[in-house]
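My questions will all concern the structure given below.
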Amino acid sequence: MTMRLVKVVYAALCLVCWSADLSAQQTPQPHQQHAVQGNVQRSGQHDSAARHDHPDTAIGAPGAHAVPSPELKGQAERQGDQSDHKRNYGVSWSDAPNVVIAFFTVVLAAIGMVQAGISRESARQQLRAYISVEAREVAIPRMTDSNRYEFHLVMKNSGLTPAYAVTQASWAGLRPHPLPDGTVFPLPTDTKPASGGVVNPRQEREFVATAEAQLSATDIDAKDAGIMALYLYTRVDYKDAFGRPRYTTFGQRIARGGGHPFGVDLAEYCDSN
């Protein structure tokens with residue numbers, strides 16, 4: 001948004017410079033100005049010669065030539081100075097109000113465009129879908145017949161418009177505890193679409209994540225000893241009502257307290273846009 005404002009202000013400056021250049025092109029050329037001053041000088045010299053040859057010719061009499069007064073000469077010199085200033089700088093003081101008005105008109109228009117863009121973006125943020133992921137029943141795993149842990153999760157749309165093309169991919173398994181820095185959980189490449197692919201506002205969709213492998217007796221002992229831990233990681237992708245791609249990630253570590261497992265959220269693995 002800031003870059004857009006800079007571009008518009010730059011365009012305004014270009015417009016002002018173009019206006020000044022156009023004004024400079026309409027300014028009388030130097031030889032024209034010198035020609036006018038030369039005519040005034042030659043007229044004065046001719047009048048002086050006429051008075052010398054015919055001293056009895058009175059000013060204002062028939063055939064007499066008018067002599068420029070000092071006031072007229074001063075006015076011509078001031079006009080010449082103004083023309084020189086306009087020729088040198090491309091704009092005269094008389095053009096300044098128009099240039100300033102044009103500049104601020106463009107700037108105000110740019111500000112209005114930026115504000116309109118901010119308003120539209122704010123409306124999108126207020127109306128768009130927001131998918132969050134929560135662990136159902138504190139992500140308590142249960143032992144299945146295959147001795148693989150299952151996690152029951154739920155995704156929820158807390159926004160004001162539907163989420164479209166909703167898919168999820170989940171992973172669960174054993175990893176060292178504590179986790180080494182930079183650990184990446186391997187999400188499966190085959191994503192699973194949510195029921196119908198749409199999650200409406202205030203609507204929930206349940207799904208299940210299953211551990212990647214069956215736990216052996218050694219794995220269970222390591223988990224119980226705190227050397228290894230069971231981790232869960234899931235990612236939900238979707239599009240909001242304005243067609244923009246969105247995602248939400250959710251990660252947990254399963255711990256035990258008082259003989260009962262419970263989930264501990266992993267902040268570094270919980271993210272969304």
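The values are calculated or read from the model by the stated rules, or taken from the named source; none is laboratory data. Since this is a predicted model, take the numbers as computed values, not measurements. Here Cβ is always computed from backbone atoms with ideal geometry, including for glycine, and neighbour counts include all displayed protein chains.
Inspect region 129-136 for any residue being over 33 Å from the mean Cα position of the chain (by Cα), exposed (fewer than 11 other Cβ atoms within 10 Å of the Cβ) and at pLDDT below 85 and give the result as yes or no.
No: zero hits.
Regarding Ala163, is this residue at pLDDT 90 or above, crowded, with 16+ Cβ neighbours inside 10 Å, touching a strand residue (DSSP E or B) at 6+ places or on another chain (Cβ under 7 Å) and farther than 16 Å from Arg253 by Cβ? Full working, then the answer.
Details: at pLDDT 90 or above: yes; crowded, with 16+ Cβ neighbours inside 10 Å: yes; touching a strand residue (DSSP E or B) at 6+ places or on another chain (Cβ under 7 Å): yes; farther than 16 Å from Arg253 by Cβ: yes.
Yes: the conditions hold for Ala163.
Just checking, does region 187-199 include any residue being surrounded by fewer than 19 Cβ atoms within 10 Å (Cβ to Cβ), of a type outside the set (Phe, Trp, Tyr), part of a strand (DSSP E or B) and modelled with pLDDT of 90 or more?
Looking for residues that are surrounded by fewer than 19 Cβ atoms within 10 Å (Cβ to Cβ), of a type outside the set (Phe, Trp, Tyr), part of a strand (DSSP E or B) and modelled with pLDDT of 90 or more, one finds none in region 187-199, hence no.
Could you list, in sequence order, all residues of region 214-262 that are surrounded by 13 or more Cβ atoms within 10 Å (Cβ to Cβ), part of a helix (DSSP H, G or I) and among the acidic types (Asp, Glu)?
The one that is surrounded by 13 or more Cβ atoms within 10 Å (Cβ to Cβ), part of a helix (DSSP H, G or I) and among the acidic types (Asp, Glu): Asp219.
Kindly list, by first and then second residue, each pair from a residue in region 168-197 that is without any contact (Cβ under 8 Å) to a residue 12 or more places away in the chain to a residue that is surrounded by fewer than 12 Cβ atoms within 10 Å (Cβ to Cβ) and part of a strand (DSSP E or B), limited to pairs with Cβ atoms under 6 Å and residues at least 6 apart or on different chains.
No pair meets every condition.
A further question follows. State all residues of region 201-230 that are at negative phi and within 43 Å of the chain's Cα centre (by Cα); if no residue qualifies, say none. I'd like the intermediate steps shown before the answer.
Taking region 201-230 and keeping what is at negative phi, we get 201, 203-225, 227-230.
Answer for region 201-230, where residues must be at negative phi and within 43 Å of the chain's Cα centre (by Cα): Pro201, Gln203, Glu204, Arg205, Glu206, Phe207, Val208, Ala209, Thr210, Ala211, Glu212, Leu230.
Against the condition out of contact with any helix residue (DSSP H, G or I) (no Cβ under 8 Å at 6 or more places or on another chain), free of Cβ contacts under 8 Å to residues at least 60 places away in the same chain and within 21 Å of Cys270 (Cα to Cα), how does Val208 come out, does it pass?
On the way: out of contact with any helix residue (DSSP H, G or I) (no Cβ under 8 Å at 6 or more places or on another chain): yes; free of Cβ contacts under 8 Å to residues at least 60 places away in the same chain: yes; within 21 Å of Cys270 (Cα to Cα): yes.
Against the criterion (out of contact with any helix residue (DSSP H, G or I) (no Cβ under 8 Å at 6 or more places or on another chain), free of Cβ contacts under 8 Å to residues at least 60 places away in the same chain and within 21 Å of Cys270 (Cα to Cα)), Val208 qualifies.
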